[in-house]
Amino acid sequence: MEFTIHEINNRTDLLPGITLGYQIHDSCAAVPMSVKVAFQFANGMEPFYNDTDSCSKSAAAAVPAVVGETNSNNVFIPFFYIALQVSHYATCACLSDKRQYPTFFRTIPSDHHQAAALARMVKHFGWTWIGAVRSDTDYGNYGMASFLKAAQEEGICVEYSEVFYRTDPLSKVERVANVIRRSTARVLVAFINASELKVLLEVLKRQPPPYIQWIGSETWITHPDFRKYNMCAGAIGFGIPRSVIPGLREFLLDLSPVEASKTALLTEFWESSFSCSLKGSLGGARECDGSEDIRALQNPYTDMSQLRITNMVYKATYAIAHAIHGVICNDTQCDKSAKFTPCGDPVAVYELINWQIKNDGLIDFFDSWTTQSELLDLSFVFQVPRSVCSESCPPGTRKAGQKGRPVCCYDCIPCAEGEISNKTDALNCAQCPPEFWPNTKQDSCLPKPVEFLSWDDTLSIILTAFSIAGAFIAVSVAAVFYKHRISPIVRANNSELSFLLLFSLALCFLCSLTFIGRPSEWSCMLRHTAFGITFVLCISCVLGKTIVVLMAFRATLPGSNAMKWFGPPQQRLSVLTFTLIQVLICVIWLTISPPFPLKNSKHYKERIILECGLGSAIGFWAVLGYIGFLALLCFILAFLARKLPDNFNEAKFITFSMLIFCAVWVTFIPAYVSSPGKFTVAVEIFAILASSFGLVICIFAPKCFIIMFRPEQNTKKHLMGKAPSNSL
């Protein structure tokens with residue numbers, strides 16, 4: 001401040017004709033001393049300039065402005081109505097309240113800005129679980145309150161927040177140190193004065209805690225005395241920017257023993273630096289003889305590399321001078337009697353400080369401007385530790401808070417079935433759209449696989465092979481029958497109905513192919529109606545053959561003319577009538593509510609089954625029920641005719657075929673209902689093929705065997721029972 005006032009007084013463009021005087025008082029960082037000095041200033045003070053040519057002793061009471069105080073706690077002068085106080089180091093945000101402190105100003109930024117910047121920095125490095133310690137002063141309490149508010153807005157949780165003062169009992173400091181040692185947080189934010197921090201570090205070094213990432217406030221992050229504590233290596237925080245004050249070094253080094261002896265502080269400095277006595281005050285020490293070279297000293301007095309707070313004093317002194325000049329001076333002269341009123345907080349500018357261990361094992365400062373790009377680059381300067389209460393929840397999970405613990409402590413719960421989360425630390429999982437399903441990691445929704453009995457499916461190939469084989473067998477039997485159409489066994493078994501039955505069986509085998517492939521509107525209608533009509537045609541033929549057997553044996557009774565009522569015309573009509581009834585049922589079904597292609601996502605949540613919806617369930621069961629009714633009627637009639645005398649009674653084979661047919665379709669119902677996905681269709685195809693093969697084998701295999709391998713039994717005598725025969 002003395003250097004700055006001399007510089008101002010030597011200028012002609014600032015306060016021309018006015019010489020600034022000054023008094024310097026040391027408050028010793030103590031509140032009582034600050035109060036004493038404040039009362040001294042307050043006695044008889046008036047906020048105007050003394051218009052005398054020089055400052056006299058009595059003018060001390062008329063001090064219009066004060067540079068200081070250093071501590072936020074010691075700012076008492078505004079209560080005593082001093083016109084202007086500009087602090088170079090009091091950072092408490094509370095002092096920005098102009099209603100309480102109308103005349104207080106400063107050249108150092110408010111802690112409100114530093115607290116917000118510290119919170120953003122902690123968030124930048126992903127530290128969400130931290131500890132906090134502060135001085136029990138206005139600086140520490142207000143600063144930490146601002147930081148904790150900003151940290152909460154950034155989603156940062158505080159495991160502990162401890163407070164103490166340097167004069168507290170050692171047991172309290174020990175308790176704070178033990179809290180730090182036991183903490184799981186690996187980051188410690190210290191909004192603390194240098195004096196309190198020194199006490200804490202001395203206690204901690206007795207039993208050092210695991211590595212802690214220290215986050216420092218501006219009071220200690222650039223303090224050289226703390227570089228001896230290795231536990232603080234890697235500390236990071238915001239400091240007041242370094243600066244260069246031209247001429248200050250020369251001013252400080254232009255100090256002679258005579259000038260040093262005029263001030264108690266400089267006297268103490270000179271005697272301790274050169275181990276000599278200026279006034280004989282050091283007993284046994286040699287007298288300072290003027291040969292001492294201050295320029296050869298290497299100490300904080302001569303070190304100009306860390307001019308941080310020093311520059312704030314320089315700015316504060318100049319701010320007062322410019323404010324006075326702006327109020328009382330015009331272009332050429334200044335009015336010494338003019339009154340003036342005060343102005344506010346400066347723009348916040350900081351340097352980002354990082355403590356690094358050098359090659360020699362000592363800690364040094366690394367600093368940079370706090371631009372966003374340089375803040376990001378700092379992550380490459382040192383290894384960033386992890387400090388979280390709970391590790392981040394990966395995609396596919398959601399955060400679930402732990403009861404009674406801060407929001408940063410949580411469990412990672414896998415998303416429920418059908419839900420995903422596609423970002424880290426998701427609070428909730430999202431339901432996938434109806435036709436989508438989560439992947440195995442549950443971090444994205446994928447289209448559900450579509451399932452149906454496709455042509456290239458192995459099961460489809462097998463069923464197709466059996467279907468074509470069955471149709472080929474039916475055609476082959478028809479060819480054999482046609483070739484031997486005049487043989488007794490073919491003629492005796494109603495060749496017309498046999499050929500019609502073989503034709504319908506071939507259609508039954510082939511209609512199973514309509515169930516394979518992607519369901520469409522036409523295929524859904526075709527598969528059910530084709531199945532219903534061909535099977536009724538088939539069963540109608542079998543029923544007609546059964547009735548013919550019954551009528552034929554009844555016609556052998558004396559006076560019976562039963563065959564007259566069930567000859568070939570009646571047989572054709574019965575088959576036609578039975579089939580038309582099924583056709584009518586199908587037409588009504590297709591008209592009212594036909595089958596349709598359906599995407600079934602209810603049976604399996606993770607995939608879509610393409611199937612044919614029944615439309616009208618009544619229509620489907622009416623078709624199936626009608627087939628069942630005809631099959632049961634045919635079975636009953638065949639069963640009644642099974643013991644009629646004859647070497648070759650066809651009713652026996654019809655009975656077996658209907659028994660197989662009914663057994664297949666009775667077991668089909670529960671199997672159809674319980675089969676999943678494409679196997680539902682496969683069960684239906686299997687039932688069609690099984691019942692069709694049952695009819696072919698039971699009705700036609702014995703006849704083909706006789707035709708092909710027992711031609712001697714294919715005679716009228718043998719069929720009439722007049723020739724001996726070997727058992728089949």
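Of the conditions (1) closer than 17 Å to L614 by Cβ; (2) buried (at least 22 other Cβ atoms within 10 Å of the Cβ); (3) of a type in the set (S, T, Y), S512 fails just one. Which one is it?
Here S512 meets the rest and fails (1).
Which of the numbered conditions does R249 fail, given that it passes all the others? Conditions: (1) basic (K, R); (2) modelled with pLDDT of 90 or more; (3) out of contact with any Pro (no Cβ under 7 Å at 6 or more places or on another chain); (4) within 25 Å of H124 (Cα to Cα).
The one condition R249 does not meet is (4).
Between I654, I581, I627, which is within 60 Å of the chain's Cα centre (by Cα) and either at pLDDT 75 or above or under 30 Å from L446 (Cβ atoms) (or both)?
Just one listed residue meets the conditions, I627.
Of the conditions (1) surrounded by 16 or more Cβ atoms within 10 Å (Cβ to Cβ); (2) modelled with pLDDT under 80; (3) part of a loop (DSSP other than H, G, I, E, B), M551 clears all except one; give me its number.
Failing condition for M551: (3).
Output yes when any residue across segment 56-78 is modelled with pLDDT under 90, under 45 Å from the mean Cα position of the chain (by Cα), under 24 Å from S195 (Cα atoms) and in the same structural domain as I24 (by TED's automatic domain parsing), and no when none is.
Yes - at least one qualifying residue is present in segment 56-78.
Do we have any residue at all in segment 278-294 that's surrounded by fewer than 18 Cβ atoms within 10 Å (Cβ to Cβ), on the phi > 0 side of the Ramachandran plot, at pLDDT 85 or above and not assigned by TED's automatic domain parsing to the domain that holds E2?
no
Which of the numbered conditions does G155 fail, given that it passes all the others? Conditions: (1) modelled with pLDDT under 95; (2) under 19 Å from Y350 (Cβ atoms); (3) small (G, A, S).
(2)
In the set V189, V176, which member is of a type outside the set (D, E, K, R), assigned by TED's automatic domain parsing to the domain that holds A117 and within 19 Å of A93 (Cα to Cα)?
Testing whether each residue is of a type outside the set (D, E, K, R), assigned by TED's automatic domain parsing to the domain that holds A117 and within 19 Å of A93 (Cα to Cα) leaves just V189.
Here's a check for you: in segment 554-578, which residue that is at pLDDT 80 or above and in contact with a Gly (Cβ under 7 Å, 6 or more places away or on another chain) is nearest to E451 (Cα to Cα)?
Going through the qualifying residues, I end up with V575.
Which residue, of E611, E606, is surrounded by fewer than 15 Cβ atoms within 10 Å (Cβ to Cβ), of a type in the set (D, E) and modelled with pLDDT under 85?
Just one listed residue meets the conditions, E606.
Against the condition in contact with a Cys (Cβ under 8 Å, 6 or more places away or on another chain) and assigned by TED's automatic domain parsing to the domain that holds G21, how does A323 come out, does it pass?
Yes: the conditions hold for A323.
Looking only at segment 14-30, filter to residues that are within 60 Å of the chain's Cα centre (by Cα) and over 16 Å from V67 (Cβ atoms); which one of those is surrounded by the most Cβ atoms within 10 Å (Cβ to Cβ)?
Across segment 14-30, the extreme among qualifying residues is A30.
Among the numbered criteria (1) out of contact with any Pro (no Cβ under 7 Å at 6 or more places or on another chain); (2) at negative phi, which single criterion is violated by G155?
(2)
List the residue pairs whose Cβ atoms are under 7 Å apart, where the first residue sits in segment 421-435 and is closer than 9 Å to T397 by Cβ, the second is surrounded by 12 or more Cβ atoms within 10 Å (Cβ to Cβ) and of a type in the set (D, E), and the two are 6 or more positions apart or on different chains.
Once the first residue is closer than 9 Å to T397 by Cβ and sits in segment 421-435, its partners that are surrounded by 12 or more Cβ atoms within 10 Å (Cβ to Cβ) and of a type in the set (D, E) give S421/D443; C429/E419.
Tell me yes or no: at least one residue of segment 205-216 is of a type outside the set (S, T, Y), farther than 23 Å from C157 by Cβ and in contact (Cβ under 8 Å) with a residue 60 or more places away in the chain.
Keep residues of segment 205-216 that are of a type outside the set (S, T, Y), which gives 205-210, 212-216.
Okay, now just the ones that are also farther than 23 Å from C157 by Cβ, so 205-208.
From the residues that got through so far, the ones that are in contact (Cβ under 8 Å) with a residue 60 or more places away in the chain too are none.
No: segment 205-216 contains no residue that is of a type outside the set (S, T, Y), farther than 23 Å from C157 by Cβ and in contact (Cβ under 8 Å) with a residue 60 or more places away in the chain.
Got a sec? Which of L378, L352 is modelled with pLDDT under 90, part of a helix (DSSP H, G or I) and farther than 29 Å from L84 by Cβ? Write out each step before concluding.
Working: L352 fails: part of a helix (DSSP H, G or I).
None of the other options fit; the residue is L378.
In the set D411, D443, D425, which member is of a type in the set (D, E, K, R), modelled with pLDDT of 90 or more and either on the phi > 0 side of the Ramachandran plot or not in a loop (DSSP other than H, G, I, E, B) (or both)? Spell out how you get there, then give the answer.
On the way: D443 fails: either on the phi > 0 side of the Ramachandran plot or not in a loop (DSSP other than H, G, I, E, B) (or both); D425 fails: modelled with pLDDT of 90 or more.
The match here is D411.
I need the full set of residues from segment 615-637 which are touching a residue at least 40 places away in the same chain (Cβ under 8 Å) and either outside any helix (DSSP H, G or I) or touching a Leu at 6+ places or on another chain (Cβ under 9 Å) (or both), in order please.
Scanning segment 615-637 gives F620, L630, A631, L633, C634, L637.
State whether one or more residues within segment 447-466 are at positive phi, out of contact with any Pro (no Cβ under 6 Å at 6 or more places or on another chain) and not assigned by TED's automatic domain parsing to the domain that holds E712.
No, segment 447-466 contains no residue that is at positive phi, out of contact with any Pro (no Cβ under 6 Å at 6 or more places or on another chain) and not assigned by TED's automatic domain parsing to the domain that holds E712.
The values are calculated or read from the model by the stated rules, or taken from the named source; none is laboratory data. Small disclaimer: the values here were computed from a predicted structure and weren't measured. Don't worry about glycine lacking a Cβ; one is built from the backbone with ideal geometry, like all the others, and counts go over all protein chains shown.
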